[in-house]
1. Expressed as an acute angle from 0 to 90° and rounded to the nearest 10, what is the orientation of the C-alpha long axis of helix 131-190 relative to the principal long axis of the chain?
2. Given the pairs Lys255/Lys275; Lys138/Lys277; Lys74/Lys176; Lys95/Lys168; Lys95/Lys230, which span a C-alpha to C-alpha distance of over 21 angstrom in this model?
3. Enter the accessible area per residue of the chain (Å², integer; probe 1.4 Å; all protein chains in place).
4. If each DSSP helix of 4+ residues adds -39,500 (n - 2.57) and the sum is divided by the residues in the chain, what number results at 222 nm, nearest 500 deg cm²/dmol?
5. Can you check what the Kirkwood hydrodynamic radius comes to for the chain, Cα pairs only, in Å to one decimal?
6. Got a sec? Which residues in segment 136-154 would a label at Leu116 touch, if it sits 7 Å along Cα→Cβ and we count backbone N under 16 Å?
7. Using a Förster distance of 22 angstrom, determine the FRET efficiency expected from the C-beta separation of Lys54 and Tyr200, and round it to 0.05.
8. Quote the accessible area belonging to Cys188 in square angstrom, nearest 10, computed with a 1.4 Å probe and with ligands, DNA and RNA left uncounted.
Amino acid sequence: MARLLQDPCKLQPSEWYTANNMQRASTESQKSRSECTIAESWRLVDEIEKTTQKTQSDVNKKLEQRQEEIKFWKQELDNKLEQIVHETEILLTFKNRLERALEGCKEPLVIAQKCLLYRQRRVGIDLVHDKVEQELVKEAEVLQGVIALLGRTLEQTNEQIRQNRSAKYNLDMDLKDKFTALTIDDYCASLTNDTPYIIYADNAMKLEGNFVSPEDWIDFSNINVEKADKQRNNSLALKALIDGILSQTANDMRKQCEMVNTAFRNRVKEAKDAKHKLETLLAMVMDETASQEKNIAALKKAIADKEGPVKVAQTRLEARNHRPNVELCYDTVHSSLMNEVQEITKNIERQVEIILKDALAQAQTELKGLSCRQLSLEEEIKVKENTLYIDEVLCMQMRESVCIKNY
């Protein structure tokens, strides 16, 4: 019991002061360290904040620069798209002109071929390879050449339109991508630290997909712009070529058409002159035929006129042969009558020998020749009439519908 009441082991006052001092020193040291940590923390926070703000500001500036860059290229692409669309629309009108010019060549070619076919119906001496036929053949060749040239030019125009549309498609796709990229970057530029619904994106740092370098990005749009410029320049050159072709071909066709028409007019004039001369000759032949017929009639009459005296003399002789008895005397009258009949008969026989067999035969030969000439001339006149009908009626009237236009 005495031990239990005994005081425990007590420390010395010095130890108490020492212990308190150690507590104070330890606390102050801990506080100092804590204050340093807090100061360092705020310094780090401030440094990180400044760095973050600077980085974010740099990103914002780069984002703004990128927006301006996209806008620049978007404007360039818009301008090129407008130009290529405009050129394509104009080229479509040139294509339409070519198609109408090509269609306009068909009728003149058909007419030229019909004229050549019609002129095969000429007959006789008029079936000749004349100036008209030469010019018609040349006209058909010119028209066929023009049709071939316009066809090739139309194919070239269609190909150029396809190239323009290809360039337009590339510009459209590039503009669509630029619009999407600008919309995204506008959205990104609008984001702030206080914007609601911003989230952590763990996969954002992964470079997935077909990323390209800034140089490749610029080259892509630049290639599209250069292609559009190239096709636009090709379209301008093609339009000038088409203008020249349409003008030159129209002039060539018009010139050749006039050459054919002039040849037709000259040939018709020649045919009419020849027909008129033939008709004049025919009139002369017919007049001469009438004269020869009169001549033959006169010859026959002259021969017939010699029969009267013979008949008178023979009638007298016949009557005196009926004198009765001794009156039937061979007197000087009877003797003279006998001589008269013999003389007239001899003269008539001589005239018949000379006139009837020679002059009359010659006259009849000439009449036959005149008849042959008349038939020949009439046949030749019909040939000329047929030629004139073909050239003046069938061909020239048909050619009046030919109209060479400047498309």
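The values are calculated or read from the model by the stated rules, or taken from the named source; none is laboratory data. Computed from a predicted structure; not experimentally measured. Backbone-built Cβ (ideal geometry, glycine too); neighbour counts: all protein chains shown. To get the accessible areas, we keep the full protein, side chains included, count just its heavy atoms, and leave off ligands, DNA and RNA. Shrake-Rupley method; radii C 1.70, N 1.55, O 1.52, S 1.80 Å.
1. 10 degrees
2. Violating the 21 Å limit, Cα to Cα: Lys255/Lys275; Lys138/Lys277.
3. Numbers: 27910 Å² over 407 residues.
Computed with neighbouring chains in place, this is 69 Å² per residue.
4. Working: 7 runs with 324 residues, N = 407.
After summing the helix terms and dividing by residue count, I get -29500 deg cm²/dmol.
5. On the way: mean 1/r = 0.0277 Å⁻¹.
Kirkwood radius, the chain: 36.1 Å.
6. 136-148
7. Given R0 = 22 Å and the Cβ-Cβ separation, E is 0.50.
8. Surface open to solvent at Cys188 totals about 50 Å².
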